[in-house]
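Please read the structure below before turning to the comments.
Here, each number is a calculation from the coordinates, and none is a lab measurement. Because the structure is predicted, anything quoted here is derived from the model rather than measured. Methodologically, a virtual Cβ is constructed for each residue, glycine included, from the backbone with ideal geometry; neighbour enumeration extends over all protein chains shown.
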Amino acid sequence: MTDLTERRIVITGAAGGLGRDIARTCAAKGASLVLSDLDQDALNAVQAELAETGATVETLTADLGDPESIVAFGKAVGGPVHGLINNGAIATGIGGIGFEEIPIDSWDKVMTVNVRGTWLMIRALAPALRASGSGRIVNLASDTALWGAPNLMSYISSKGAIIAMTRGLARELGPDKVGVTAIAPGILTTPSTEYVPEARHTLYETGRAVPGPQGTGEVADVAAYLCTVPAITLTGQVMPVDHGFVFN
């Protein structure tokens, strides 16, 4: 059973889609939340929704492409922090072209936000995670980095870096009782995947061990569990959560 009572969880990219559903799940499990995104109005809407359930929710904007914004965010969050779920990333508008056609500025933006932004967010909140005595970091990777999805090179490269980062940080933060894991979803039924060609959706829906589409709910459940105290035993692990499309 996932119990997040008396645990304070920070979630990036929380204004919509998977991030919003992770916030809903963590709140339902008893967590108090700090939600971050670029869109304050959308954050306010999520906050209002969750407040009606009795959840304690703070909202703070942060730009994962701006180091100063991340530092300021970390200071504003304070401590302690029991969980950090790094969901914020660039995931749309960057696929469907071969690696030779990717504009350099597009590649750099994806790496800046998805990789550097995740590293800087962890660095900014590391003192608060250590101070909690049972900090947990959950990084959102992607199963596309595990099976080598074509025509998505900047994205899968960024998520491959997240996987490597997760393993290295698990070693560095383990002595401080901070657990670091990554989850690797496949294509989910969210607005952010509407642009994905139908053939790719079909590939997933027919190639999963459990065939069919996959929503965000189960991914959110796994993310929430990984913020619990017992989840320390999974530190360093990368878990595909894609109904068996990839076995790791």
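Some values worked out for this structure:
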read-out: Backbone N within the range 13-30 under 16 Å of label point (7 Å from residue 229 Cα along the Cβ vector); value: 30
read-out: Sorted by Cβ neighbour density within 10 Å, fewest at the top, the residues 166, 202, 92, 112; value: 202, 92, 112, 166
read-out: Whole-Å semi-axes of the range 8-241's equivalent ellipsoid (Cα gyration tensor); value: 26, 19, 18
read-out: Residue order, fewest to most surrounding Cβ atoms within 10 angstrom, among 84, 203; value: 203, 84
read-out: Semi-axis lengths, Å, the range 37-138, gyration tensor of Cα atoms, sqrt of 5 times eigenvalues; value: 28, 18, 12
read-out: Ascending count of other beta-carbon atoms within 10 Å, so fewest first, for 247, 73; value: 247, 73
read-out: Hypothetical label at residue 205: residues of the range 175-198 whose amide nitrogen lies under 19 Å (7 Å Cα-Cβ projection); value: 186-198
read-out: Intensity falloff of the range 37-91 expressed as log10 I(q)/I(0), Debye formula with alpha-carbon point scatterers, at q = 0.17 Å⁻¹; value: -0.64
read-out: Inter-probe distance in nm under a simple model that places probes 7 Å from Cα toward Cβ, at residue 28 and residue 106; value: 3.7
read-out: Distance (nanometres) between label positions extended 7 Å along Cα→Cβ at residue 60 and residue 171; value: 3.1
